[in-house]
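Shown next, in structure tokens, is the structure this report addresses.
The values are calculated or read from the model by the stated rules, or taken from the named source; none is laboratory data. Just so you know, these numbers come straight off a predicted model, no measurement behind them. Note: ideal-geometry Cβ built from the backbone for every residue, glycine included; neighbour counts use all protein chains shown. SASA here: full protein model, heavy atoms, side chains in, ligands and nucleic acids out. Shrake-Rupley method; radii C 1.70, N 1.55, O 1.52, S 1.80 Å.
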Amino acid sequence: MTHVHVVYAHPSEQGFTREVLGAFLSGLDEAGLTYTLSDLYAMDFRSELTRAEYERESGHRTDVPVPEDIAAEHAKLAAADVWVFLYPVWWADCPARLKGWFDRVWTVGFAYKPAGVCVARKALVLCTAGYSIADLEASGATRR
């Protein structure tokens, strides 16, 4: 059976991005797939690297353990067949909390060498935007 891990980053309990998450998770349920969810705002995920984390990463110190919250994220990713990232586009980028998630979770020895590398079999990125196509076209954001 396919197992999906969803990393979700939006601070509001309401709105379009939350509706997309609900619809996506319902679709997984309907398809009979299992999933785990890292709702970064609900988890109050700390996005800043500590000095110790920075020194571990910059020194490629795979002998130094990662913090518990990062080990938990590693376990969710390693157990999944598919990784999904769902977030709004803010100022042409992802929310800072998600950027911090990548900074802290993509660790040496897990996401890149010198040690073993964890790789998704499949990944999906779902980004929501706060404007309609008509508004984006009117502003010139979609000029070709």
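What to note about this one:
- Between residue 137 and residue 103, the simple label model (points 7 Å from Cα in the Cβ direction) yields a spacing of 3.9 nm.
- Computed over protein heavy atoms with a 1.4 angstrom probe, the accessible surface ordering of 119, 108, largest first, is 119, 108.
- Put a plus charge on the Cβ of each Lys and Arg, a minus charge on the Cβ of each Asp and Glu, and nothing anywhere else: the dipole of region 1-131 about its Cα centre is then about 360 debye.
- For peptides 57-63, 96-102, sequence by mean Cβ density within 10 Å, most packed first: 96-102, 57-63
- Region 63-128 - percent of accessible surface contributed by carbon and sulfur, probe 1.4 Å: 63
- For the chain, DSSP calls about 5 percent of its internal beta bridges antiparallel.
- Estimated dipole of region 60-144 in Debye, rounded to 20 [Cβ of Lys and Arg +1, of Asp and Glu -1, Cα centre]: 260
- Surrounding net charge for residue 113, when Lys and Arg each add one and Asp and Glu each subtract one, Cβ distance under 14 Å: 0
- Dividing the mean sequence gap of close Cα pairs (under 8 Å, 6+ apart) by how many residues region 89-143 holds gives a relative contact order of 26 percent.
- With contributions of -39500 (n - 2.57) from each DSSP H run of at least four residues, the per-residue ellipticity at 222 nm computed over the chain stands at -10500 deg cm²/dmol.
- Local net charge near residue 35, Cβ-Cβ under 13 Å (Lys/Arg +1, Asp/Glu -1): -3
- Residues residue 118 and residue 19, FRET efficiency given R0 of 30 Å [Cβ-Cβ distance, rounded to 0.05]: 0.45
- Percent of Cα pairs exceeding the 18 Å cut-off, where the set is the chain: 61
- Given R0 = 25 Å, the distance between the Cβ atoms of residue 58 and residue 127 translates into a calculated FRET efficiency of 0.25.
- Within the shell defined by Cβ-Cβ distances under 14 Å, the residues around residue 53 carry a net charge of -2, with Lys and Arg each +1 and Asp and Glu each -1.
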